[in-house]
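Working notes, structure below.
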Amino acid sequence: MSTNYHVAVVGATGAVGQQMLKTLEERDFPIASLKLLSSKRSAGKTITFKGKEYTVEEATPEAFEGVQVALFSAGGSVSKALAPEAVKRGAICVDNTSAFRMDPNVPLVVPEVNEAALHSHNGIIANPNCSTIQMVVALEPLRQQYGLKKVIVSTYQAVSGAGLNAINEMKDQTKAILDGAEVKAEILPCGSDKKHYQIAFNAIPQIDLFQDNGYTFEEMKMINETKKIMNMGDLEVAATCVRLPVETGHSESVYIETEKGGASVAEVKELLAASPGITLQDDPENQIYPMAAECVGKNDVFVGRVRHDLNRDNGYHMWIVSDNLLKGAAWNSVQIAESLVKLNLLK
Ligand code: NAP
Ligand code: 3JM
């Protein structure tokens, strides 16, 4: 007989939380009881899960009594305050925020790449940044087959990565512009920064706050998390992260240099097509390539536009697209929970 688990979703009313619930439902995750947690603002609201109504509760330390697995996506400060409280009460936390990702005691996991790292968890498991996840799913098979030296990525990121308020901001601005009304910018590029810019009909080369080295925090997340997940401290990684007026689906232009050169584009495509979690969409003659609007609602990472670099035998270019709220967040978290069950790590 299979076991069912006491589950909590923290941030259940948010963009990621809603996709967590949809994914738990679709995957038929073995749930004995479900707690939906949020801030005080949404406490008392009802959400339907598998045809049953649940009342959202305020996330407090006591709310985690009896919880075995808690999926967090309510921002870094909530995770910092409450994940240790949940662990104290016996829960395993899968955390979607950047709060613990670089903590050496916390595994940072993408199951297709480093599922075994789950064995060393101490109660908290970190889910990487959305842009990192979809990239490493595609990089891992290439690393295994050819070795990997260098990665240069530019992202084209959707507004849903910045939450429900950012989606609404893009829609309101788009309507205002089309109606000839005044445009208000209060959230993007980054709620906590000083200035805000129009995202509608625009492209903003800032995601999260600037760091002292001139990179943004989002760019440094991609750089540091990729090295940690792939366990390659000496991998050369550079990133430029850009926000676009796309609702859902992050796209990435990725250039890599492998250790071993010489593999043909056909071989690289064959390898990617056969790798877990990847759908290859690459047929230029028939204009087949991945696009954000087509990846929405799908769990896979879509790869296409694979080309050999024109100057380097070990250089390859590709285009990687995925639903940032699914593989980038909710699906990767639920997949981690499924791995915990499979590895007998959920007690
Ligand atoms: P969102 O749409 O703005 O939703 C935020 C959620 O957090 C809501 O459920 C909100 O509840 C809850 N919340 C806010 N403050 C809280 C508090 N003090 N205590 C308890 N709950 C609180 O944002 P989102 O896009 O879902 O993202 C949520 C978080 O997930 C982000 O801040 C980020 O850290 C993480 N995230 C990770 C990835 C990734 O790449 N893995 C991608 C996107 C987001 P109310 O309804 O009560 O306001
Ligand atoms: C994606 O703590 C916060 O304000 C959340 C900021 C945030 C993050 C983060 O740093 O956790 C917004 C959107 C992420 C992320 O996944 O890194």
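Read the figures in this text as sums done on the coordinates, not as results from a lab. Since we're looking at a predicted model, the values are computed, not measured. Note that we place each Cβ from the backbone using ideal geometry, even for glycine, and neighbour counts take in every protein chain shown.
Annotation: amide H-H contacts under 5 Å for Tyr54 (H modelled 1.01 Å from N, sequence separation of 5 or more, or interchain): Ile47, Thr48, Phe49. Pairs of alpha carbons in the stretch 53-146 separated by more than 23 Å make up 30% of all such pairs. The lysine pair tally for the stretch 95-221, using Cα distances under 27 Å and a gap of 8 or more places or different chains, is 12. 3J(HN,Hα) couplings calculated from phi for the stretch 35-52 with the Karplus curve 6.51 cos²θ - 1.76 cosθ + 1.60 (θ = phi - 60°) are, in sequence order, 10, 10, 10, 8, 7, 4, 3, 9, 4, x, 5, 10, 10, 8, 10, 6, x, 10 Hz; Gly and Pro show x. Projecting the Cα atoms of Phe100, Ala263, Thr55 onto the charge dipole of the chain (Cβ charges, centred on the Cα centre) puts Thr55 farthest toward the positive pole. Its DSSP H runs of at least 4 residues, each contributing -39,500 (n - 2.57), put the calculated 222 nm mean residue ellipticity of the chain at -9000 deg cm²/dmol, to the nearest 500. Report, in whole Å, the centroid distance computed from the Cα atoms of the stretch 160-237 and the stretch 68-134. Result: 22 Å between the Cα centres.
Shape class for the chain: oblate, because the ratio a/c of the largest to smallest gyration tensor axis (alpha-carbon atoms, square roots of eigenvalues) is 1.5 or more and b/c is at least a/b. Highest GNM mean-square fluctuation among Met230, Met20, Met135, for the chain modelled with Cα contacts below 10 Å: Met230. Taking θ as phi - 60° and the Karplus parameters 6.51, -1.76 and 1.60, the scalar couplings of the stretch 128-140 work out to x, 5, 3, 5, 5, 4, 5, 6, 5, 4, 7, 6, 4 Hz in sequence order, x denoting glycine and proline.
Of all DSSP beta bridges in the stretch 147-245, what percent run antiparallel (nearest 5)?
20 percent
With the highest mean first, a sort of the peptides 252-258, 168-174, 310-316 on other beta-carbon atoms found within 10 angstrom per residue produces 252-258, 168-174, 310-316. Run down the lysines and flag those whose C-alpha is under 19 Å from the C-alpha of Lys88, throwing out any fewer than 8 positions away in its chain. Reachable lysines: Lys35, Lys80, Lys347. Taking every DSSP beta bridge that has both ends in the chain, the antiparallel portion is near 50%.
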